[in-house]
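So the structure is just underneath, and the comments pick up after that.
The values are calculated or read from the model by the stated rules, or taken from the named source; none is laboratory data. Note that the structure is predicted; figures quoted are calculated from it, not measured. No Cβ is skipped: glycine too gets one built from the backbone with ideal geometry, and neighbour counts run over all protein chains shown. Note: areas computed on protein heavy atoms with side chains; ligands, DNA, RNA excluded. Shrake-Rupley method; radii C 1.70, N 1.55, O 1.52, S 1.80 Å.
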Amino acid sequence: MMFPRPILAAVSILLFTVAGCDKGGPGLPSEPEFRGTVSGSITADQTGVAGVTVRLAGAIVKEVQSSPTGSFSFSSLPAGTYQVSLATIPDHVEFTATSQPASLQKGTGNARVDFSGAVKRDGVIHGQVLLEGVPFEGGTLALTGPEARTVETNAQGGFSFSGLKRGGYT
């Protein structure tokens, strides 16, 4: 009667191992923890804006700087809902929205958040052209810099360039 006992012992061990699998026992591989990425870009007049501090708030709080092309990325994030905000905004740019939600769920992996703005056009250059002390009417002036424009002087020699992007002009 010694023969049936080893078989029963083998069956018991086999059942114990299978029960351990059902419970995700030690030493068995488990599903890897979900990690996703929130990325995006910051543009003004379709040009990337560098050096903007972008803040992520949610299960994790992080800050990054936008790259020279205006892109940013937060990686290795757990699933959840996040708020992406522009923490610093250059004074020459304006945005209609400076904070947006992002959601990471298993199966999606990534979320994209883009911020589009415009370069402020509040610059004005004006003056008067005099030729030997007399207003110079009808003279054409050319402006170069972030924008190029021309204008003619009026009867008093006056001129004005308005609605300019901020920057240096000649």
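Annotations for the structure displayed:
- At a probe radius of 1.4 angstrom, the accessible area of region 49-170 per residue rounds to 57 square angstrom.
- Positive dipole terminus of region 54-170, leading residue within Y169, S71, G157 (C-beta point charges): S71
- Measuring with a 1.4 angstrom probe and ignoring ligands and nucleic acids, R55 comes out at about 100 Å² accessible.
- Shape category assigned to region 112-170 from the gyration tensor of Cα positions, a/c cut at 1.5: prolate
- A probe of 1.4 angstrom, applied to the heavy atoms of all protein chains, finds D45 with accessible area near 50 square angstrom.
- With R₀ set to 35 Å, the beta-carbon distance separating T47 from L130 gives a calculated FRET efficiency near 0.35.
- Charge dipole magnitude, Cβ of K and R +1, D and E -1 - region 101-151, Cα centre, debye nearest 20: 540 debye
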